[in-house]
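Trainee: One structure, as structure tokens, below. Some questions next.
Read-outs: derived from the displayed coordinates by stated rules, not from any lab. Just so you know, these numbers come straight off a predicted model, no measurement behind them.
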Amino acid sequence: MKKKFIQLEETEKVTLQEGHKNGKTKAFQERCHCLVLSSEGYEVKELAGISEFRRFPFTLGSSVGKDGIVGLRDKQGRGRKAILQKQDLAQIKQTVQKNAQRLKIARQKLKEELGREFSTKTLKRFLESLTADTNAGVNV
């Protein structure tokens, strides 16, 4: 069976090495590193042992493909969707203001109104995220 290795030009290799060093997410850094190692002759099984991935998460040939290095980034829409949405904001604000000192009661009312199950911690995190959004542009 013929072994597959990705062929990289020197500029591509340098770009991937920069992505490995300075990428925003660990997964992106690992993908860049795996492609560089593949171009140096490492097999998929060896790459799986070196990287933190149990299985190689993408095919070598199509990973860079038409999207280039951008194709190595995680796509939007992955992960669990938020229980409390921004569209529920008015209703959440109104209910929390009525029960400001009793979040458990506010949570119970919101559960009934929204028809979704969530914890008091989830409600607190949602409210904290709102204050974080408003404080994002303020330098202290």
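Trainee: P(r) tail for the stretch 86-135, what percent of Cα pairs lie past 13 Å? If you can, show how the numbers build up before the last one.
Mentor: On the way: 676 of 1225 pairs.
That tail contains 55 percent of the Cα-Cα pairs.
Trainee: Further question: Greater than 18 Å separation of Cα atoms is the criterion. Which listed pairs, K24/K81; K81/K104; K13/K45; K81/K121; K21/K81; K86/K124, meet it? All intermediate terms of the calculation are to be shown ahead of the outcome.
Mentor: Working: K24/K81 21 Å; K81/K104 23 Å; K13/K45 21 Å; K81/K121 16 Å; K21/K81 30 Å; K86/K124 14 Å.
Distance filter (> 18 Å) returns K24/K81; K81/K104; K13/K45; K21/K81.
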